[in-house]
Amino acid sequence: MAHASFSITPSSSDSTAEPEADVSTEQTRRTLVLGALATTACLGCSAPVRAGEDPPGSDERPQKGDLLVFSEGDGEGKLIKAADLTLGGPPVHAWPQDPRTSVVRSASRLNELLIIRLDPAELDEQTKARAVDGILAYSAICAHAGCPVTAWVKSDVGDAEVFKCVCHNSEYDPRAGAQVVFGPAPRRLAALPLALADGSLSVAGGFIGKVGGAQPG
């Protein structure tokens, strides 16, 4: 019995199936490649700060080279210049500002400063070394219970005007490194050395001394 031999000839539909599959695969590959490139490019973008979020660096302690800006009043956010300060006080309140990013370091209350201009002849030697043209910077946070130091008044123990925390009446003499002259504070206010940069005040180094209160309150 003779065996029939069969030869299979591809139909027209079979002959076009492979090219169509190749096109579909190529399109999928291109889509994946483009998607990967877009994702990679996006990784290099800086994410915007969301509303209510503090910008990076705003909670860091003052850095050398930071500028100083007003933290309150009509000039809030503006650079503090030597000419803005009245000789003999009162002090102004300030925040440090990163000069590269313009970020104000106001996310931590421990960064708020008291800036005052005094007669250089009234300063002791150590205090004078941290000053620039008699201008001094100290932490605005009381060393007793961490309240803000807000008053500039005549001392309870002398004729000179001093910084005063009205929470528990601690007083600090800025002429002598903000040492405690009255009240329960256990130590002086932290000091911040200053310099002048194009007429504006800038930070010359980190805090000298501990910032903040010794106990909650």
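What is the extension gain from residue 60 to residue 78, computed as 0.36 nm multiplied by their sequence separation minus the C-alpha to C-alpha distance, in nm to one decimal? Let's see the in-between values first.
Numbers: separation 18, 0.36 × 18 = 6.48 nm, distance 1.95 nm.
Answer, rounded to one decimal: 4.5 nm.
Diffusion coefficient (Stokes-Einstein, Kirkwood radius over C-alpha pairs, 37 °C, 0.692 mPa s) for region 67-203: 221 µm²/s, rounded to a whole number.
Largest first and in whole Å, what are the equivalent-ellipsoid semi-axes of region 114-170 based on the Cα gyration tensor, each being the root of 5 times an eigenvalue? Display every interim value, and only then the final one.
On the way: eigenvalues 92, 39, 16 Å².
Sorted largest first and rounded, they come to 21, 14, 9 Å.
Each of residue 198 and residue 160 was given a label point 7 Å from its Cα along the Cα-to-Cβ line. The distance between the two points is 3.6 nm. Where the alpha-carbon atoms of region 69-143 are placed on the principal axes, they occupy 36, 28, 23 Å, in descending order.
Full extension from residue 208 to residue 109: what is 0.36 nm times the residue separation minus their Cα-Cα distance, to one decimal in nm? Write down the numbers at each step before the final one.
Working: separation 99, 0.36 × 99 = 35.64 nm, distance 1.71 nm.
Taking 0.36 nm per residue and subtracting the Cα distance, the gain is 33.9 nm.
Read-outs: derived from the displayed coordinates by stated rules, not from any lab. Everything numeric in this text was worked out from a predicted model, so none of it was measured. Reconstructed Cβ throughout: ideal geometry from the backbone, glycine too, with neighbour counts over all protein chains shown.
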